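Only one structure is covered here, and it is reproduced in the block below.
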Amino acid sequence: MRALRREPVERTPIWLMRQAGRYLPEYRATREKAGSFLDLAGTPELACEVTLQPIDRYGFDAAILFSDILILPHVMGRGLGFKPGEGPYFERPVRTVADIDGLPMPDPEDDTGYVMDAVRLIRQSLPEATPLIGFAGSPWTVATYMIEGRSSKDFARAKKLLLAEPDAAERLMNHLADATADYLAAQVAAGADALMLFDSWGGVLSPRLYERFSLASQQRIVTRLKKTCPDTPLILFGKGCGQHLEKLADTDCAGLGVDWTLDLSEARVRVGDRVALQGNLDPAVMLTTPEVIAEEAKRVLDSFGKGSGHIFNLGHGITPEVPPEHVSVLVETVRNYSARKPSPV
């Protein structure tokens, strides 16, 4: 929390995207016990259990709620499912203007009450000094799954909607932005200490479409959250969105997640002291050797340089094939090396 506020810290804090996941044997055991991914995410006690697993094992400096970015369209009646080896799909994708205009506005406590129950349970179970991060998907990223019906390589249907029916697409983005802002505010009310918005597919859009549909909807969320929970920091993460860094910093968010395609030194120059930076080790590094992991982690820390305002993370989520002991090497390296770095000037 101090790093997000760009206050002095004794070392660089660390947590990892997807830190509760398939690379951990204890997660796989709980997932098998749950029966399905939706049952796992939809059962507060099990969601709490897997959220705490990486905290218990590694002592990360933050926990992140175990859930999914597609919970909101699921409770909007689109019929979310998961196929092994293929990922998420929707039984009723959004394909027409009528589909967009017929989407309901979920009530966070009624429709996603199990998420809020999980937040409350996790917050009660976490060490007091460990913050809990709540999260949601960005409107554009969530919309890609709703429109395509599943994961996509070219996002042709979603892009077609933006180009052929821009006013309807804008209504969809605004609807999702408002639902997301309410959903995130409810997570704060339930006990989340910080928030994160994942724009996994913002990088596939042209600059013009990105600004109108992805950036504008994220700005709408930031603006609403500044009114409902002004003291709760929000981190925006956009994969492949390095060209939009300054515009993202202008939203008045507290932090920006940076993927591995941009050096933190450059990112820091471009955004100045407006926001904290989070990232940005390439997840592939975690598949190498302890020596390479330590070397590359130090390179990220050196790239950020002196001063506060850095949260160490990967540039995207940790992959299932990573040996758990490699994460121990990363955590130890970041803690030891950052504690020895020169004090802020």
TODO: Only residues that are closer than 20 Å to Gly21 by Cβ and not aliphatic (A, V, I, L, M): list them for the range 265-297, please.
DONE: Gln278, Gly279, Asn280, Asp282, Pro283, Thr288
TODO: Please go through the range 220-252 and pick out each residue that is buried (at least 22 other Cβ atoms within 10 Å of the Cβ) and closer than 19 Å to Trp15 by Cα.
DONE: Leu234, Ile235, Leu236, Phe237, Gly238
- [ ] Test Ile69 against the stated conditions and say whether it is assigned to a loop (DSSP other than H, G, I, E, B) and either in contact with a Ser or Thr (Cβ under 6 Å, 6 or more places away or on another chain) or open to solvent by 20 Å² or more (accessible area, probe 1.4 Å) (or both).
- [x] yes
Open item on the list: Only one of Ala158, Ala192 is assigned to a loop (DSSP other than H, G, I, E, B) and touching a residue at least 12 places away in the same chain (Cβ under 8 Å). Can you tell me which?
Closed with: Ala192
- [ ] Working only within the range 47-64, note down all residues that are open to solvent by less than 30 Å² (accessible area, probe 1.4 Å), of a type outside the set (Ser, Thr, Tyr) and part of a helix (DSSP H, G or I).
- [x] Ala47, Cys48, Val50, Leu52, Gln53, Pro54, Ile55
TODO: Check Ala186 against each of (1) more than 24 Å from His310 (Cβ to Cβ); (2) open to solvent by 10 Å² or more (accessible area, probe 1.4 Å); (3) in contact (Cβ under 8 Å) with a residue 60 or more places away in the chain; (4) out of contact with any Asp or Glu (no Cβ under 8 Å at 6 or more places or on another chain) and name the one condition it does not meet.
DONE: (4)
Task: Boolean, Ala297 is in a helix (DSSP H, G or I) and loosely packed, with under 15 Cβ neighbours inside 10 Å - done: no
Open item on the list: Checking the structure you have, find out if any residue of the range 11-32 is open to solvent by less than 10 Å² (accessible area, probe 1.4 Å), in a strand (DSSP E or B) and touching a helix residue (DSSP H, G or I) at 6+ places or on another chain (Cβ under 8 Å).
Closed with: yes
- [ ] Please name all residue pairs, on different chains or six or more residues apart, with Cβ atoms under 7 Å, provided the first residue is in the range 2-30 and is under 17 Å from Gly317 (Cα atoms) and basic (Lys, Arg) and the second residue is outside any loop (DSSP other than H, G, I, E, B) and open to solvent by 70 Å² or more (accessible area, probe 1.4 Å).
- [x] Arg22/Arg28
Task: Conditions (1) touching a residue at least 40 places away in the same chain (Cβ under 8 Å); (2) open to solvent by 60 Å² or more (accessible area, probe 1.4 Å): number failed by Gly202 - done: (2)
Open item on the list: Which condition from (1) at positive phi; (2) open to solvent by less than 50 Å² (accessible area, probe 1.4 Å); (3) of a type outside the set (S, T, N, Q) is the one that Leu314 breaks?
Closed with: (1)
TODO: Consider Asn313 carefully, then state whether it is part of a strand (DSSP E or B), touching a residue at least 12 places away in the same chain (Cβ under 8 Å) and in contact with an Asp or Glu (Cβ under 8 Å, 6 or more places away or on another chain).
DONE: no
TODO: Could you please give the count of residues in the range 228-253 that are closer than 15 Å to Ser200 by Cα, among the aliphatic types (A, V, I, L, M) and not in a helix (DSSP H, G or I)?
DONE: 2
- [ ] Tally the residues that are within 15 Å of Val300 (Cα to Cα), in a loop (DSSP other than H, G, I, E, B) and not β-branched (Val, Ile, Thr), restricting the search to the range 254-282.
- [x] 5
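The values are calculated or read from the model by the stated rules, or taken from the named source; none is laboratory data. Given the structure is predicted, the values throughout are model-derived calculations rather than measurements. Neighbour counts are summed over all protein chains in view; Cβ atoms, including those assigned to glycine, are modelled from backbone coordinates with ideal geometry. Surface accessibility is based on the protein's heavy atoms, side chains included, excluding ligands, DNA and RNA. Shrake-Rupley method; radii C 1.70, N 1.55, O 1.52, S 1.80 Å.
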